[in-house]
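Input: a single structure, listed below in C-alpha cells.
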Amino acid sequence: MGRDDRATAVTALRRGLELGMTHIDTAELYTGSEALIAEAIAGRRDEVFLVSKVSPQNASRKGTISACEQSLRRLRTNRIDAYLLHWRGSHPLEETVSAFEQLERDGKIAAWGVSNFDVDDLEELRVLASPGRPVCNQVLYHLEQRAIEHAVLPWCERHDVAVVGYSPFGSGRFPSPRSAGGRTLATIAAAYGVTPRQVTLRFLVRRDSLFAIPKASNPDHAAENAGAASVDLTDSDLAQIEAAFPLGKPPRTLPTL
C-alpha cells in the first residue's frame, strides 16, 4: 500500500477498522507502508492487532532486534503484536529465535511467528521455540493455489499455529467470470446477494485455524472485504467451490508467488 495514493490508502485502513477488521499486516520490506499505517492508526493503536516482519537478510540476532526497533519507530508505537520472519534466509534460526525471545522479554513484541515456512522448516523451528511459539505461519493461499492444505495446514492445526493466508485474491489473477470456477463463485454469490470476492474470502477462512489478509487500498474494497463476515456458506457451497478449484498434487516446494 505504500505505493498507492496515500490519502486513499489511509482512509481505506481507517474504514477497515470501523468495520471490525483489526489485523493490519506490514513488513520492513514494504516500502512506505509502515509510515502509512502509523498515520492511519494514530490515536487508535489499541484497536489494532499489528503485524510486521523482519527481512531474511536482517535476521541475525542483532539485526532482528535493530530491524524491529526501526519498524517501531516508523509505526510510531511501542509494541508490535506479532513479529514475523518474512521467509527463511541464511541466518541460523537459532539467532532469529533468540532475538524474538529478547524482544518479547523487552515488551517490544507480544508474540512472534514466521512466513513462508514449509513443514521441514516448522519442524526445525519447533525444537528451538518455547511452548506456544510460533503463533502463526503466513503463507500463500488462494483458490487456485491451495498447496498448504496438503501438509502445512494440517501441521499447523496439530500444533496450534494459526495459518494466515496472503494474496487471497491471487495477486491480480482472480478467476474470470467466464471460467468454470468464476461461474461457480458467481452462482453462489448471487444466491446470497454478495460478491464473488466475498464468497472467496469466506471460503478461505472456513476453518478456525485460517485467517486471510486481503489488500484494500480504497474504502470500497475495505467495505467489500468486511462484508465477507456475513456470508454463511453451506457444506454444499464449500463442496462446489472445492470441486471448481481442485487441490492438485502436493508441490515439491512451498509456493510463495
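The values are calculated or read from the model by the stated rules, or taken from the named source; none is laboratory data. Everything quoted here is computed from the prediction, not taken from an experiment. Cβ sites come from the backbone with ideal geometry, for glycine too, and all protein chains shown count toward neighbours. These accessible areas exclude ligands, DNA and RNA; they are computed on the full protein's heavy atoms, side chains included. Shrake-Rupley method; radii C 1.70, N 1.55, O 1.52, S 1.80 Å.
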Taking segment 7-37 and keeping residues touching a strand residue (DSSP E or B) at 6+ places or on another chain (Cβ under 6 Å) and either of a type in the set (S, T, N, Q) or exposed (fewer than 15 other Cβ atoms within 10 Å of the Cβ) (or both) leaves THR22, THR26
Selection from segment 38-55 of residues crowded, with 19+ Cβ neighbours inside 10 Å and either aromatic (Phe, Trp, Tyr) or touching a Phe, Trp or Tyr at 6+ places or on another chain (Cβ under 8 Å) (or both) yields VAL51, SER52, LYS53, VAL54
Could you go through segment 104-112 and let me know if any residue there is part of a helix (DSSP H, G or I) and either at negative phi or out of contact with any His (no Cβ under 7 Å at 6 or more places or on another chain) (or both). yes
Result of the Cβ filter at 7 Å on segment 223-246, keeping first residues that are in contact (Cβ under 8 Å) with a residue 12 or more places away in the chain and partners that are open to solvent by less than 20 Å² (accessible area, probe 1.4 Å) and β-branched (Val, Ile, Thr), at least 6 apart or interchain, is VAL231/VAL199; ASP237/ILE188; GLN240/ILE188
### Message
Within segment 193-203, does at least one residue satisfy the condition of being under 30 Å from LYS53 (Cα atoms), open to solvent by less than 20 Å² (accessible area, probe 1.4 Å), hydroxyl-bearing (Ser, Thr, Tyr) and without any contact (Cβ under 8 Å) to a residue 60 or more places away in the chain?
### Response
yes
When (1) among the hydroxyl-bearing types (Ser, Thr, Tyr); (2) without any contact (Cβ under 8 Å) to a residue 40 or more places away in the chain; (3) surrounded by 17 or more Cβ atoms within 10 Å (Cβ to Cβ) are applied to THR184, the one that fails is (2)
